[in-house]
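Structure record follows, encoded as structure tokens.
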Amino acid sequence: MPLTQKLTLAQFLIEERQRHSDAADDFDNLILNIAVACKQISRAIAFGALAGVHGTDGVVNVQGEQQQKLDAISNNVFLSINERAGNLAGMVSEEMEALYQIPEQYPRGKYLLSFDPIDGSTNIDVNVSVGSIFSILRAPEGVVDAVTENDFLQPGSKQVAGGYAIYGPSTMLVLTVGNGVNGFTLDPDSGDFILTHPQLRIPAKTQEFAINASNSRFWEPPIKRYIAECLEGEAGPRGKNFNMRWVASMVAEAHRIVMRGGVFMYPRDGRDPSRAGRLRLLYEANPIAFIMEQAGGYASTGTQPILSVQPSAVHQRIALIFGSKEEVDRLESYHTGQSPSSLPDPLFRERSLFRESA
Ligand code: F6P
């Protein structure tokens, strides 16, 4: 009888490669290097005030936000571990306006890495979960020297891997290489990420939503309608009560949704009409959308799948709705006016506006 043993991330990648002979060593090494970066960040976060890593460092980042000390530390961890390994042609980070070119002394590789080293960083000082998010693309053929912005402007459907680390009560790495979603928990004794949550699936139905309700006066009509219907509960058109959560760390919301379902919304709103949304397409929306779809959920701008958006700039913002498929479909239908196939047909009859007899 075979001994059952929990797989480490390295063993998992080797087994995946045996199944898909086109995957290469340098891809595995890239994932393992990202995991090393996440372990180092996890450790810095765990030491917290003891290591003097709390607070801001006085710098305003490319997003116009105060940079936290851990933003800068984590960014350097990601860069220094990945720049020397020979797997990458270039990097994009939330913390850097410019693309990051691989220094001349190091070999170049065929992948592009986009990342947000710490998502939700204003939560660090209050000891609430934060995370790192990453997306891997293939560099276009022929990129031998410096990468250009254009090389990164590929739709999310072209990602070869995406995922996040969550630094919560335990540290987890949640990863897709395009073949489902697997969750690994960091064993603080051995330092290994262990496969604890194989083939995660997001339930299609949910009764839990996440949105920053303080922006409600700026929401567009489809979001106002959706939230109003949820709040009406059992007595309203949805016929069921909803629960609400808002951690203000997108990774933490995504992880909750991966584990038990739910829907997350950071839609476009009227605060600044020139902004398409709050979150970033390349290193926030795309990898989370890849995880959602690979786990049976869905991610949308409201009008189209996130993974189909052709990016126009590396730090582009986007409206982001993700989670349980039926709810995201419903939200999309409220934006487009089209009834989605995953929902019962009389969708529009639920609401007085569309009800045949009010
Ligand atoms: O990336 C930015 C971020 O911190 C997300 O993790 C989070 O969902 C969002 O901003 C919170 O925004 P707000 O402070 O507007 O609620």
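The values are calculated or read from the model by the stated rules, or taken from the named source; none is laboratory data. For clarity, every value in this text was computed on a predicted model and none was experimentally measured. FYI the Cβ positions are ideal-geometry reconstructions off the backbone, even for glycines, and counts take in every protein chain you see. Ligands, DNA and RNA are stripped out before the accessible areas are found, and what is left, the full protein with its side chains, is counted by its heavy atoms. Shrake-Rupley method; radii C 1.70, N 1.55, O 1.52, S 1.80 Å.
Worth a mention:
- Amide H contacts under 5 Å for T171, placed H, 5+ residues apart: L186
- Region 229-240 - phi-based ³J(HN,Hα) in whole Hz, Karplus 6.51/-1.76/1.60, Gly and Pro as x: 5, 5, 5, 5, x, 3, 7, x, x, 7, x, 8
- Cβ-Cβ distance of S190 and T336, R₀ of 41 Å, FRET efficiency by 1/(1 + (r/R0)^6): the value works out to about 0.25.
- For A139, distant residues with modelled amide H under 5 Å away: Y111, L112
- What the Cβ-Cβ distance of D145 and A235 gives, at R0 = 45 Å and to the nearest 0.05, is a FRET efficiency of 0.10.
- Over the C-alpha atoms of the chain, the Rg to Rh ratio, Rh being the Kirkwood estimate, stands at 0.98.
- Annotation: amide H of E208 within the under-5 Å range of N243, V263, sequence separation 5 or more or interchain, hydrogens built in the peptide plane.
- Ellipticity estimate at 222 nm from DSSP helix runs (n ≥ 4, -39,500 (n - 2.57)) divided over the chain, nearest 500: -8500 deg cm²/dmol
- Beta bridges by DSSP in region 9-200, antiparallel share as percent, to the nearest 5: 85
- Between D26 and S308, residue separation times 0.36 nm minus the direct Cα-Cα distance comes to 98.8 nm.
- Per-atom-type breakdown for the chain gives carbon and sulfur 50% of the accessible area (1.4 Å probe, protein chains only).
- Think of a 1.4 Å ball rolled over the protein heavy atoms: the chain then has 44 Å² of accessible area per residue.
- Backbone HN-Hα couplings from phi across region 123-139 [Karplus 6.51/-1.76/1.60, Hz, Gly and Pro as x]: 7, 4, 5, 9, 6, 10, 3, 10, x, 10, 10, 9, 9, 10, 10, 7, 5
- Applying 0.36 nm per residue to the separation of V62 and Y106 and subtracting their alpha-carbon distance, the gain on full extension is 13.2 nm.
- Between helix 9-19 and the chain: long-axis angle, C-alpha atoms, 0 to 90°, nearest 10: 80
- GNM top mover of V36, V59, V92 - the chain, alpha-carbon springs below 10 Å: V59
- Applying both filters, DSSP loop and at most 13 other Cβ atoms within 10 Å, to the trypsin sites (Lys or Arg not before Pro) of region 194-267 gives R201, K205, K240.
- For the chain, share of DSSP beta bridges that run antiparallel, in % to the nearest 5: 85
- Comparing E97, E229, E65 in a Gaussian network model of the chain (Cα springs below 10 Å), the most mobile by mean-square fluctuation is E65.
- In Hz, Karplus ³J(HN,Hα) per residue of region 172-178 (6.51, -1.76, 1.60; θ = phi - 60°; x = Gly, Pro): 10, 10, 10, 9, 10, 10, x
- Listed residues V128, V258, V60, most fluctuating in the chain (Gaussian network, C-alpha, under 10 Å): V60
- Rounded to 10°, Cα long-axis angle of helix 250-260 versus longest principal axis of the chain: 70
- Legend: residue pairs K69/K158; K6/K110; K39/K158; K6/K39; K39/K205; K69/K110, Cα-Cα distance threshold 29 Å; pairs beyond threshold, K69/K158; K6/K110; K39/K205; K69/K110.
- Relative to the longest principal axis of the Cα atoms of the chain, the long axis of helix 69-83 makes an angle of roughly 60 degrees.
- With 0.36 nm allotted per residue and the present C-alpha distance subtracted, the Q5-L50 stretch has 12.6 nm of extension available.
- Convex hull projection area averaged over all views, region 9-200, Cα basis, nm²: 11.3
- The modelled label-to-label distance for the pair V126/L153, using points 7 Å beyond Cα in the direction of Cβ, is 3.8 nm.
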